[in-house]
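What follows is a set of notes on a single structure, which appears directly below.
The values are calculated or read from the model by the stated rules, or taken from the named source; none is laboratory data. Remember, it's a predicted structure, so these values are computed and weren't measured experimentally. All Cβ positions, glycine included, derive from the backbone under ideal geometry; neighbour counts span all protein chains shown. Remember, those area values only see protein heavy atoms, side chains included, never the ligands or the DNA or RNA. Shrake-Rupley method; radii C 1.70, N 1.55, O 1.52, S 1.80 Å.
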Amino acid sequence: MTIESPRVLMGFLILLPVVALQARAYLKGRAEISRLGPMWAHETTMRVYTVKWFFSAFAYDVFLVFAVLAAADITWGERPVEEDRAGLDVVIAVDISHSMLATDIEPSRLDRAIGVVRAMTRQLPSARMALVAFKGAAVTVTPLTEDANALEVVLDGVGPALVSAPGTNIEVGLNEALRSFPEASFAHRAIVLLSDGEALDGEADRPVAELRRRGIPVMAVLTGTTDGSTIPTSDGTPVLDRDGRPAITRADPAVLERIAARTGGALFDVGSPDVVTGLSSALSRFATVRQREGFRLVPRRRYRLFLGIAIVALLASTSVRVVRWRGML
Amino acid sequence: MLVFDRPGLLLLLLAVPLLIYLRHFWRGRGGTLTFPFGVWGGRGFTPPRTAASLLVAVAAISFWAGFVVLVVALAGPQRVSRERSYLTRGVDIVFVLDQSPTMAARDFQPENRFEAARAMIRRFVSLRQNDPIGVVGFGLEASLRVPPTIDYEHFVSVLDQMEIFEMGDGTAIGMGIATAALHLERSNAPRKAIILLTDGVNNAGEIQPETAARAARSLGIGLYIIGIGSDGEVEIEIRDPQTGQLMRGTIRESFDQDAMLELADIAGGRYFYAGSSTALQAAFDAIDTVERVEQRSLLRVVREPLDQVLIFWGVGFLGVDFLIRRLFAREVV
């Protein structure tokens with residue numbers, strides 16, 4: 001089971017004020033029945049009121065819970081959809097935040113990432129490639145092209161200065177990568193994400209649902225170590241944190257692993273000697289298998305089940321008030 | 001276009017009038033008091049219209065709007081669009097655009113030569129669908145600005161950022177053609193073409209235009225040359241990108257048509273003279289007609305589910321109803 005929009009589950013917080021307002025209404029209702037209700041049937045009236053209130057409030061809360069679950073887009077199981085494509089389009093999204101200048105991987109995380117891209121483009125000569133660089137914002141450095149020369153040239157200029165917005169936002173990187181696939185393309189599509197996973201802004205999981213829907217896997221390359229290192233500045237001294245101590249940046253594989261797993265991609269470690277071979281063969285295999293099978297599996301959405309329960313609960317909550325309860329208790 | 005995954009579920013909406021009747025108008029519903037005015041022949045009374053009664057009405061409308069929206073979401077609404085994918089390879093085209101200062105001459109009133117050329121390239125691109133298009137800018141030097149791509153949005157955004165004078169004061173036509181040819185070299189497109197737009201004579205760069213034209217021909221690349229600008233005296237207005245200084249004046253400078261014709265001949269291409277907007281458009285139309293290949297395409301249906309947005313709206317409407325009833329109408333059940 002997968003929750004495609006996990007952030008929507010924050011909607012459960014609505015239950016707190018709703019339950020508080022329901023409890024307040026109940027207490028007020030009891031007080032008013034005590035004041036206005038018939039003295040000869042005080043207990044019966046109070047009992048009917050309590051039961052009505054309970055069922056009405058409970059059904060309404062059930063409605064809210066299931067409406068939030070429906071909006072969270074829960075999926076389980078898979079169904080095949082036709083995928084009639086040939087060839088391979090790859091958008092390479094490179095993290096160019098300052099943490100990528102860390103030297104826990106020699107000569108630096110960014111240089112190693114660019115080296116991987118350079119080697120990968122040579123191993124996949126028939127693929128069209130685009131290059132997206134991201135930091136706090138993202139920019140398409142090279143649009144999707146067969147022109148390997150163009151990609152080769154621009155790789156030399158890839159660095160933190162390409163984008164002025166500070167931070168690390170994998171979400172904008174993935175969104176820009178998604179935008180870089182032209183509609184007219186007939187090829188299979190994949191994204192190669194090179195990052196240390198240290199996402200400071202944005203919600204990296206947000207574009208994942210769209211990527212899953214379109215059948216675009218993300219091959220993530222972890223560029224850095226979990227032990228981390230300092231980030232050298234242009235004069236060689238390390239970047240300092242707020243306390244004046246050298247800031248340590250550590251690679252976070254969890255984010256990249258999650259994105260890769262949920263989109264049907266794979267995670268690679270830039271420190272591994274066969275990272276380029278593994279990455280290239282994973283991309284080739286992906287295109288070959290898809291082309292041979294002619295279909296892909298997409299998650300089966302189950303929102304209708306939850307929404308159906310929510311609507312029934314809403315009607316039940318309303319019916320409790322509409323139905324006369326006289327003589328039933 | 002809007003379609004539904006399970007349109008049958010929309011039949012549930014037929015129950016809405018009955019539910020509205022039961023909740024708001026049925027005399028036997030709970031929460032009502034009945035007065036026997038009829039026995040006395042009286043007309044009873046109607047509650048006065050107050051702000052509270054208006055709010056209750058708003059709450060009721062919100063409730064049913066929310067309910068309807070949720071039922072619609074249950075039916076699986078989807079926005080359907082068609083996406084055209086091309087099964088065949090288009091023509092690779094690279095524009096080689098002169099960015100020398102003389103391109104600021106205003107003989108395409110109200111535009112200058114550069115703006116007129118740029119507008120025409122934009123129009124040309126808008127008529128293409130699967131042809132990778134790139135652009136090389138040249139002045140004193142030449143540089144690839146966009147490699148051949150079908151991402152036309154990116155192409156146009158870079159084209160719009162290009163400025164006169166940014167490649168220096170000079171006209172390196174040979175370098176421009178050579179750069180374009182280099183980036184078309186490995187292309188396996190059925191046809192490849194370079195479209196050169198210039199208003200001057202080659203006076204810079206290490207590669208002679210004739211050499212570049214021969215190289216293009218040997219690589220199977222077609223060369224179209226469009227000579228822009230009129231022969232007479234023309235106003236010019238240009239801002240120096242280094243100093244920001246605005247310079248105005250008149251020029252009487254033209255390109256060497258014979259050299260252009262010879263260049264087109266060497267490359268086995270064609271030369272067009274574009275002294276006016278109409279002539280420029282005619283040149284582009286001629287190239288557009290020639291540089292076409294038969295293309296096979298596939299139409300895909302793309303479905304974008306809308307249920308999540310509708311669930312948010314539905315819950316929002318119902319929230320308005322809940323808040324009004326609890327906070328303003330002071331309902332206790």
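Details
- For the pair B:Leu22 and A:Val289, label points projected 7 Å from Cα toward Cβ lie 5.1 nm apart.
- DSSP-defined antiparallel bridges as percent of all bridges, chain A, nearest 5: 45 percent
- In Å², nearest 10: area of A:Leu211 left accessible to a 1.4 Å probe: 0 Å²
- Residue of A:Gly265, A:Gly197, A:Gly294 that the Gaussian network model of chain A assigns the largest fluctuation, springs spanning Cα pairs under 10 Å: A:Gly294
- For B:Leu196, the residues whose modelled amide H falls within less than 5 Å of its own, excluding neighbours fewer than 5 places apart on the same chain, are B:Val96, B:Tyr224, B:Ile225, B:Ile226.
- When chain B is treated as a Gaussian network with alpha carbon springs shorter than 10 Å, the biggest mean-square fluctuation among B:Ala116, B:Ala52, B:Ala204 belongs to B:Ala52.
- Degrees separating the helix A:253-263 axis from the principal Cα axis of chain A, which is the longest one: 80 degrees
- Environment charge of A:Glu32, counting only residues whose C-beta is closer than 12 Å and scoring Lys/Arg +1, Asp/Glu -1: +3
- In plain terms, the C-alpha convex hull of the stretch A:85-293 casts an average shadow of 11.0 nm² when viewed from every direction.
- As a length-normalised measure over Cα pairs under 8 Å and 6 or more apart, the relative contact order of the stretch B:88-290 settles at 23 percent.
- Cα-based convex hull volume of the stretch A:95-147 per residue, rounded to whole Å³: 67 Å³
- Residues whose placed amide H lies under 5 Å from that of A:Val132, excluding near-sequence neighbours: A:Ile92, A:Ala93, A:Val94, A:Val141
- Cα centre as origin, Lys/Arg/Asp/Glu Cβ charges: the stretch B:88-290 dipole, Debye: 720 debye
- Helix axis angle, B:51-74 relative to chain B longest principal axis, alpha carbon, degrees: 60 degrees
- For the stretch B:215-227, putting each phi into the Karplus relation 6.51 cos²θ - 1.76 cosθ + 1.60 with θ = phi - 60° gives couplings of 4, 4, 5, 5, 8, x, 9, x, 10, 10, 10, 10, x Hz, in residue order, rounded to whole numbers and with x for Gly and Pro.
- Backbone HN-Hα couplings from phi across the stretch A:285-296 [Karplus 6.51/-1.76/1.60, Hz, Gly and Pro as x]: 4, 4, 5, 5, 5, 4, 5, 5, 6, x, 8, 9
- Extension gain for B:Met1 to B:Glu166 (0.36 nm times residue separation, less C-alpha to C-alpha distance): 54.8 nm.
- The protein assembly as shown - percent of accessible surface contributed by carbon and sulfur, probe 1.4 Å: 57 percent
- Burial order of peptide ranges B:302-315, A:89-102 (average beta-carbon count within 10 Å, highest first): A:89-102, B:302-315
- DSSP bridge pairs, the stretch B:88-290: antiparallel proportion in percent, nearest 5: 35 percent
- Computed [θ] at 222 nm, deg cm²/dmol, the protein assembly as shown (DSSP H ≥ 4; -39,500 (n - 2.57); rounded to nearest 500): -13000 deg cm²/dmol
- Heavy atoms of the protein chains alone define the surface here; on that basis the stretch B:88-290 has 41 Å² accessible area per residue at 1.4 Å probe size.
- Fraction of antiparallel bridges per DSSP, the stretch B:66-162 only, in percent to nearest 5: 50 percent
- The phi-based Karplus calculation (6.51 cos²θ - 1.76 cosθ + 1.60; θ = phi - 60°) puts the 3J(HN,Hα) values of the stretch A:264-274 at x, x, 8, 9, 10, 10, 5, x, 6, x, 9 Hz, whole numbers, x for Gly and Pro.
- Unit Cα scatterers, Debye sum, the protein assembly as shown: log10 I(q)/I(0) for q = 0.09 Å⁻¹: -0.90
- Amide proton proximity set for B:Val146, modelled H, under 5 Å, gap of 5+: B:Val135
- Entry note, chain A: relative contact order of 25 percent, from Cα contacts under 8 Å with a spacing of 6+ residues.
- B:Ile61 versus B:Arg217: modelled label distance in nm, points set 7 Å from Cα along the beta carbon direction: 7.7 nm
- Within a straight-line Cα-Cα reach of under 17 Å, A:Lys28 can be paired with the following lysines, leaving aside sequence neighbours fewer than 8 residues apart in one chain: A:Lys52.
- Comparing A:Ala25, A:Ala199, A:Ala161 in a Gaussian network model of chain A where C-alpha atoms under 10 Å apart are linked, the largest mean-square fluctuation is found at A:Ala25.
- For chain B: rounded, prolate or oblate by the Cα gyration tensor [a/c cutoff 1.5]: prolate
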